[in-house]
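K.L.:
Pasting a structure below so you can have a look.
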Amino acid sequence: MNRPFIAIAYNPKSGSFRLDRLEQLASAYDAAGYDSLLIDSYAPDFLAQVSGAAQLCVSGGDGTLRDVIARLNGAETIPPISMFPGGTINLVAREAGYPADIPAFVARTTGPHAGELRVHHHGVAGNASMLVCLSAGPESWAVHLVSEDLKKRIGRFAYAAAFAKLLWRWPRVAIQVRTDEAEYRCEAVFVLKGRYFAGPWMIDPAADMMNDHFNLLLLPVARRRDYLRLILATIIHPALGSKKWLRLPSRTVDIEGPERVPVQVDGDIACHLPVQVRMAENNIIFV
């Protein structure tokens, strides 16, 4: 009798790629009663290799997961997905509760909790998948300045270094946002699908990957002191925020502004303004 198999997708070009960790993960699944298959997420026959898997385990960060989901577009069937955290920030893994410890992760994805499937209503920004968060404004300019080499060496602190560079020449631009209900003007917009942002912090605790809408935060004015206030409200207490900030739900978001403004999606620059953000037609099933 054939054992069920788990496809383990990885990006060999990722800065966090470690073959030894993948082999340990595969061995742990084998010991748990599954056959495992390591698959390069950029392999030409990726869809064929994933076909028939009982589960698709994506090893890496949010960017790797986003790329895998893009590769799955058009597949007749998509197996339930799990995410073994191996990236810089791992927002999806943090919200879904996937541990980085291999035995604990395998137990989480094959044990009693494996039957508790959860639907993730993710988004699409232009042509890019959007899993947890999107932003345009000073914060997205900081992501634009992040050095990939520095990111490999110091992880999430590379974002702080890029933000510090931005303080000398602080960008402020006029942005127009159109939601399901109305139009707004602001200098910074955050489109949230999950509750975490840039690590263990929450811009909006009400945001949830299982919601079928986005949670928006609009800053009418985005000066240095406004961002300092946002940081304090995020890491200390929401009461430190401003009553002038707008928080609202929407299923579609059209964002317009100067074409040179970069758009941050799940920690990476995915496009530039203008961009339309909408709910994806196909949902993701997480183990």
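K.L.:
For the stretch 109-116, check the following and say yes or no: at least one residue is under 26 Å from Arg71 (Cβ atoms), open to solvent by less than 60 Å² (accessible area, probe 1.4 Å), more than 18 Å from the chain's Cα centre (by Cα) and not small (Gly, Ala, Ser).
P.N.:
Yes, that holds for at least one residue.
K.L.:
Using the structure shown, decide if Ala53 is among the small types (Gly, Ala, Ser), closer than 16 Å to Ala9 by Cβ, crowded, with 20+ Cβ neighbours inside 10 Å and out of contact with any Cys (no Cβ under 9 Å at 6 or more places or on another chain).
P.N.:
When the stated conditions are applied, Ala53 passes them.
K.L.:
Looking only at the stretch 1-23, which residues are open to solvent by 30 Å² or more (accessible area, probe 1.4 Å) and of a type in the set (A, V, I, L, M)?
P.N.:
Hits for the stretch 1-23 are Met1, Leu19.
K.L.:
A further question on this structure: Give me a count of the residues in the stretch 247-267 that are within 14 Å of Phe214 (Cα to Cα) and open to solvent by 60 Å² or more (accessible area, probe 1.4 Å).
P.N.:
3
K.L.:
Can you name every residue in the stretch 142-165 that is within 27 Å of Arg178 (Cα to Cα) and open to solvent by 40 Å² or more (accessible area, probe 1.4 Å)?
P.N.:
If the condition is that a residue be within 27 Å of Arg178 (Cα to Cα) and open to solvent by 40 Å² or more (accessible area, probe 1.4 Å), then His144 is the only one that fits.
K.L.:
Still on this structure, I have one more. State whether one or more residues within the stretch 163-175 are among the β-branched types (Val, Ile, Thr), assigned to a helix (DSSP H, G or I) and over 16 Å from Asp268 (Cα atoms).
P.N.:
no
K.L.:
For the stretch 139-157, check the following and say yes or no: at least one residue is part of a helix (DSSP H, G or I) and among the small types (Gly, Ala, Ser). Step through it out loud before you land on a result.
P.N.:
Here is the first cut: in the stretch 139-157, the residues part of a helix (DSSP H, G or I) are 139-144, 148-154, 157.
Restricting the remaining residues to those that are among the small types (Gly, Ala, Ser) gives 140, 142.
Yes, the conditions are met somewhere in the stretch 139-157.
K.L.:
If you don't mind, another one. Just to be sure I understand the filter: pairs with C-beta atoms under 7 Å, separated by 6 or more residues or on different chains, first member in the stretch 67-95 and closer than 17 Å to Ala53 by Cβ, second member open to solvent by less than 30 Å² (accessible area, probe 1.4 Å) and among the aromatic types (Phe, Trp, Tyr). Which pairs pass?
P.N.:
Qualifying pairs under 7 Å: Arg71/Phe46; Pro80/Phe286; Ile81/Phe286; Ser82/Tyr98; Ser82/Phe286; Met83/Tyr98; Phe84/Tyr98; Phe84/Phe105.
K.L.:
Something else about it: Hey, could you check the stretch 197-246 for residues that are open to solvent by less than 40 Å² (accessible area, probe 1.4 Å) and of a type in the set (Asp, Glu) and say which is farthest from Gly123 (Cα to Cα)?
P.N.:
So the residue we want is Asp226.
K.L.:
When the stretch 13-38 is examined, which residues are found to be assigned to a helix (DSSP H, G or I) and among the small types (Gly, Ala, Ser)? Steps first, please.
P.N.:
To start, the set of residues in the stretch 13-38 that are assigned to a helix (DSSP H, G or I) comprises 19-31.
Selection gives Ala26, Ser27, Ala28, Ala31.
The values are calculated or read from the model by the stated rules, or taken from the named source; none is laboratory data. Fair warning: this is a prediction, and the values are worked out from it, not measured in the lab. Using ideal geometry, Cβ is built from the backbone for each residue, glycine included, and neighbour counts are taken over all protein chains shown. Protein only, heavy atoms only, side chains kept; ligands, DNA and RNA dropped before computing areas. Shrake-Rupley method; radii C 1.70, N 1.55, O 1.52, S 1.80 Å.
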